[in-house]
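Have a look at the structure below before the remarks.
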Amino acid sequence: MQRVHVATTHDAFPYFRQTPAGDGRWGNVQFALEDPDERADWLVVFDEPSVGLETNVPVERRILFVWEPPELKVYDLSYLDQFGTVVSPVPLPGYGRHWVQSQSALPWFVGVDMRDGVNIETMVNEQGLLDAKGWDEVLDFFDAPKTKLLSVVCSNKTRLEGQRERLAFVEALKVALGDQVDVFGRGFNRVNDKAEALASYKYHIALENNRHDHFWTEKLADAYLGGTFPIHAGCQNLSEYFPQGSYASIDIRDIEASVETVKRVISADPWGMSRQLRLAARDKVMMEHNVFAIVVGILEENANSARSSQGSGKSKSQISPNGYFLSHGTKARLARWYGYLRSWAGKVREY
């Protein structure tokens, strides 16, 4: 059995509930959040490593999952070069190792108790993890009784253009549909568990924060797991991942057309007729597009490389965090801008 060390700064999330027995095992691979005896065959990092992460796993057996679109986060090339394989929906200019273009396999949120969503100390259990429903309980969401029509999750953040677009669309949707649509999220109706916004609903609008090919996230995965018919805004090549007829697409840059599409969908009411397609999509989320299935697939493809590197690269090295490698010039420019901002803030206070 191969051993995989999973490392991430987002270490309170209950990732292993996405394995059938909840034990971090997928096929003949055992995943673990720690590697105390330093015997891991592979290292997998979700987004960013934990601070001070050290490993003796050689570069060619390190895998990074890119979680954020380039509009929100820049992954420094020197950071990426610490990994032999990077899984990313978008190209990574300058990265010359093994790039796997794929959806980024973010963890499911449905079934996770976020509690107050603010103070991590009040959110985690005695094991330091968020409480969450397991594999079998997630399966049960699909056939939960549907007593409500339509839901959408959206925050009231307006810093980014995409956030403003989503908010404008949701406001227009509320005007058009009134109490037919329930809006959840920061600034609206907060929920402890995203299942509260999905399990009782026939339709759910999944609003991504970008429109890149391959960049669909847990927003869509949760909609399928929750047994809804998703109306999706974002990823442009969704048909490469899920059967047509298991979802509808909108482009919220055209608010009027998107609202009309939503109205047509709920009027046609495809929820019942699409059950088998949605079930197939749900199974793909759990068995094919699951992060652990993707890692095992990469391991199988690189079996010969892994065997040839066994016993080599046993010297320990530290995985430096993203941004650690900023050039002196970049750091100097940031310092200058920081100085300008402080000066400007001082003048504002004086005024």
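Read-outs: derived from the displayed coordinates by stated rules, not from any lab. Fair warning: this is a prediction, and the values are worked out from it, not measured in the lab. Cβ placement follows ideal geometry from the backbone for every residue including glycine, while neighbour counts extend to all protein chains displayed.
Computed from label points 7 Å out along Cα-Cβ, the spacing between Thr9 and Ser249 is 3.3 nm.
Remark: relative contact order (the chain) = 18 percent; criterion is Cα-Cα distance under 8 angstrom and separation of 6 or more residues. DSSP beta bridges in the chain, what fraction antiparallel, as a percent rounded to 5? The answer is about 15 percent antiparallel.
The largest-to-smallest principal axis extents of the Cα set in the chain are 64, 62, 40 Å. Placing a label point 7 Å from the Cα of Ser155 along the Cα-to-Cβ direction, the residues of segment 195-237 with a backbone N closer than 20 Å are 195-198, 205-212, 215-223, 233-235. For segment 133-284, the relative contact order is 24 percent, taking Cα pairs closer than 8 Å that sit 6 or more residues apart in sequence and dividing their mean separation by the residue count. From helices alone, the chain scores -9000 deg cm²/dmol at 222 nm; the rule is -39500 (n - 2.57) for each run of n ≥ 4 DSSP H residues, then divide by the residue total. Derived scalar couplings between HN and Hα for segment 275-281 equal 4, 5, 5, 5, 5, 4, 5 Hz in order, rounded to whole Hz, by the Karplus curve 6.51 cos²θ - 1.76 cosθ + 1.60 (θ = phi - 60°), x for Gly and Pro.
For Asn209, neighbours were defined as the other residues whose beta-carbon sits under 13 Å from its Cβ, and their charges (Lys and Arg +1, Asp and Glu -1) total +1. Counting Lys and Arg as +1 and Asp and Glu as -1 over every other residue whose Cβ lies under 15 Å from the Cβ of Arg159, the net charge comes to +1. Count Lys and Arg as plus one, Asp and Glu as minus one, and take only other residues whose Cβ is under 15 Å from that of Glu137; the net charge is then -4.
Sort segment 133-284 into rounded, prolate or oblate with this rule: let a ≥ b ≥ c be the square roots of the eigenvalues of the Cα gyration tensor; rounded if a/c is under 1.5, and if a/c is not under 1.5, prolate when a/b is larger than b/c, oblate otherwise. Rounded shape, in that the Cα axes give a/c under 1.5. Take 83-96, 133-146 and order them by the average number of nearby Cβ atoms within 10 Å per residue, most first; the result is 83-96, 133-146. The count of lysine pairs in segment 133-284 whose Cα atoms are under 14 Å apart, excluding pairs fewer than 8 places apart on the same chain, comes to 6.
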